[in-house]
Each structure stands twice: as structure tokens, then as C-alpha cells.
Amino acid sequence: MADKTQFRTIETDEEELNTKIRKHRLKIIKIILLLLALAAVAALGIFFFQKLRKYNSYTVEKSVERQDTAGSQFLAYGNGFIKYSNDGAIYTDANDEVYWNQTYEMKEPMADVCEDYVALADRGGTEIYIMNQAGMQGKIETPMNISRISVANQGVVAVWMESDGENYIRMYDQNGKNLVSGAFYTEKSGYPLDISLCNDGKKLAVSMLTVNNGEVCSTIKFYNFGSVGQNEIDYMVGSFDYPDVIIPQIEFTDNNRLVAFGDSKIILFRGTQKPEPDDEIALNQEIKSVFASENYIGIIYNNDVQAESDTESTEESRHMEIYNTGGKHVLSKDFTMDYENVDFLGNGEICIRNATECQIYNTYGVKKFSYTFDTPLYDVISDGSQNGYIFIMEGTTEKVRLK
């Protein structure tokens, strides 16, 4: 009898010990969950604080003097920017470190960038320079005058050329080898308005315009130079007509998405091999600007609303709409700034500027930064950090941080 009582006592002690262990573990789990919840709230608070915070000043971390020639243009690229003009291009960063300096003579230089590669060409001329961050990778001499170029991420470039009223498109590798040639005869196929090459260089889109008996029609044609296109006539894998629409600008935002900017609608195409229409954005009034990045599409209209500073008067304002490249609406915003340039920065923010003013909005609609400069402003580039930017001013490059 004594032995059984002792057994039951030991058994009871073990149950009590297990119960205490479970309660202790549960207490630890609750503490961990509470700490995780507090950390999540804190992270969320920091996130919204950063997204909702507004700045009206900045500190200059470094200022570098710069010598510009007349007509210099600037392009965000790599760790800094490219400055190009009629007599050459230079790639430098905010610390004035020169990566390369390429000389040339062009009457009307233009540039196109895709990831690591940039193509510099003479509009109306016959020269194309293919560059990456290491410097010049090739020079191409075209047999006809250049109208448009589009470069891919390995240096392949598509060129639209004109000669005696006819239009030709060729694709070259960075060594100048002719990969593909085609001709568009105006009487049969219309007049090209724009071309765009996808990132890997396998798909080319062309926007064509035809006019018959006073009626206009735009056509978007897709060509695939991979294995799929080899089974099609002239590599063409799709052709889509849009009566009463003029489409002067098209742009591949990545390998599989193309945005076609029309005068009455924006058409979004999608497809890995044979792109097809995926969605449309109706334009209900005349547009002032369109711009795009890998992730977003921007539209600006003229608009008349009351100015924020004076509720009794009105002044011309603008209305901005932002969509993602899938066609989903992201943002509507009114602003009254009289701007000259608008684009997406590398960090996804929207920069609206003129020669003396700059406003930066995030995709939540917050006017993150607003400033009026004493020195003419040429360009604004994100340095990739939360509040770091490169201001390209007249005569100086300033690496700044908002405050």
C-alpha cells in the first residue's frame, strides 16, 4: 500500500512539473508575440513617418564644380549620371569621379539607356556609340540618317533610319554587325512614329500611322527575333490596329510589358513571346505630359482648381494620375507648379521641376520635398538612399540630404 501511494505522489509531482513548464513556455510565447507586435508597430510607425514626412530644406554633403558646354543634357546612369552634348559624353558620379569621357562630333545627340548599356546617336546623322560602365563597347556607322534608337541590356541596338522618304529599321550588335533589316514603305504600311526594344533585345515594337481618306489609324506591330519569331513571316508575331488614335510614343518597361501612349488612350501590352493588349487607360481630356518607369505610368493634364494659397482666386493647375504597369490606379494629385520636366526617379518617386523649383512626391501622394533655388536647376537624381539626392545645378553638382 505504501508503495502505491509513493507511486501516485511521484506521478502527481510530474504532472505539476509539466503543468508549470507548459505555463512557463506559454508565458515566454506571449512575451515573444508581444515583443514582435511592438516591433511591427514600431516598424510600421517608422515606415509611415518616413513616407508622410515633408522636407523644405537640405544639407549639401559635397559640392563639385562642373564645366558645361552649351546644350549639355543629363541622364541618370549607374552610380551617377551621364552629361552629353554635341562634342562628347562623360560619365561621372556625385564625387566627381570620372568613369569615362567619350569625345565625338554630333549635330543633335540623343541617348537611350537599358540597365548597364547606353546608346548615344546623332539624330539625322549616321553615328552610334555603344557604351557601358566600362566605356565604349562599339561604334556603328549607319548607311542612312538616324531617326530613333533603342538599346537592349547587352548592347544590341535597334535603329530607325530614313532615306528618300522611305523608312528602314535595322538591329546591330555592339560590334556593328547587322543582325536584322526591314523596310517600311509609306504607301503600303504607313509611317513609323516610334520604336522600342525590350530589355533582352528579342522583341521589337513599332508604332505605325496610316492616313486613308482623311481617317487615321495607328498600328502596333511586334517582332520576335528568338525561336518563336523564326516560325513567322518577317519575324512578326502580332499586329494591332487602333482607328482614330495616334500613338507617337511606345516603351517597353521590362521584357514582357509595353506601354503605348496614344492621344485618347494608353494601351498596355503583355506577353513573353507574343505580346497582346492587356488593359487600356482612357484619356478623357488633352494630356500635357506622359512618363513611365519599370513599375509606374504617369499622366499629367491641365486643370483649373483653386490655388491652395488663395481660396478666392483660381489659377491654372495640373492634375496627375499614376498607374502601375498592370493598369491599376495608384494616385491622383493636383498641383499648381508651372513645370518643364517630370519623371520618375530611380527610387520610384515623382520629380516635377523647372529651372528654379523642384517638387518631389511619393506614390502615397505626399509632397515630400518642395524648394525654390537661387541657382538654375538642371536635373535631380536619387542616390538610392532614403533622403539622398544629386542636384545638378548650373556649374555645380551637389550631393545632398533632405532635412
With Cα atoms, 0 to 90° folded angle of helix 2-52 axis to the chain main axis: 30 degrees
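Diagonalise the Cα gyration tensor of the chain and give the resulting equivalent ellipsoid semi-axes, square root of 5 times each eigenvalue, largest first, whole Å.
They are 50, 30, 25 Å, listed from largest to smallest.
Using the Kirkwood formula on the Cα atoms of the stretch 124-177, what hydrodynamic radius do you get, in angstrom to one decimal?
Details: mean 1/r = 0.0885 Å⁻¹.
About 11.3 Å, per the Kirkwood formula over Cα pairs.
Tell me the per residue accessible area of the chain using a 1.4 Å probe; a whole number in Å² is fine.
53 Å²
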Bounding extents of the stretch 128-253 in its principal axis frame from Cα atoms, largest first in Å, are 51, 33, 25
Excluding residues fewer than 8 positions from LYS403 in its own chain, the lysines with Cα under 25 Å of it are LYS51, LYS54, LYS62, LYS333, LYS367, LYS368
What's the FRET efficiency of VAL216 with ASN101 using the Cβ-Cβ distance as r and R₀ = 45 Å, to the nearest 0.05? 0.50
Work out, step by step, the length gained on full extension between LYS265 and ALA70: first 0.36 nm times the residue separation, then minus their alpha carbon distance; give nm to one decimal. 66.5 nm
Estimated inter-spin distance, ASP334 and GLU16, nm [label 7 Å along Cα→Cβ]: 7.5 nm
With the chain treated as a Gaussian network of Cα nodes joined by springs under 10 Å, which of GLU251, GLU16, GLU294 yields the largest mean-square fluctuation? GLU16
List the aspartates and glutamates whose alpha-carbon lies under 16 Å from that of LYS107, not counting same-chain residues fewer than 8 positions away? ASP87, ASP122, GLU127, GLU141
From the helices alone, meaning DSSP H stretches of at least four residues, give me the mean residue ellipticity at 222 nm for the chain, per-run term -39500 (n - 2.57), in deg cm²/dmol to the nearest 500. -5000 deg cm²/dmol
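In whole percent, and with a 1.4 Å probe on the protein chains, what portion of the accessible area of the stretch 72-207 is carbon and sulfur?
Numbers: 2300 of 5600 Å².
C and S fraction of accessible area: 41 percent.
In whole percent, how big is the carbon plus sulfur part of the accessible area of the stretch 241-397, probe 1.4 Å, protein atoms only? Please report the intermediate quantities before stating the final value.
Details: 2600 of 7110 Å².
Of the solvent-accessible surface of the stretch 241-397, carbon and sulfur hold 37 percent.
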Spin-label model distance (nm) - ILE28 vs ASN175, 7 Å beyond Cα toward Cβ: 6.5 nm
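The values are calculated or read from the model by the stated rules, or taken from the named source; none is laboratory data. Computed from a prediction, not measured in an experiment: that's the story for all the values here. Heads up, the Cβs are rebuilt from the backbone with ideal geometry, glycines too, and the neighbour counts pull from every protein chain shown. When the accessible area is computed, the model is the full protein with side chains, heavy atoms only, and any ligands, DNA or RNA have been set aside. Shrake-Rupley method; radii C 1.70, N 1.55, O 1.52, S 1.80 Å.
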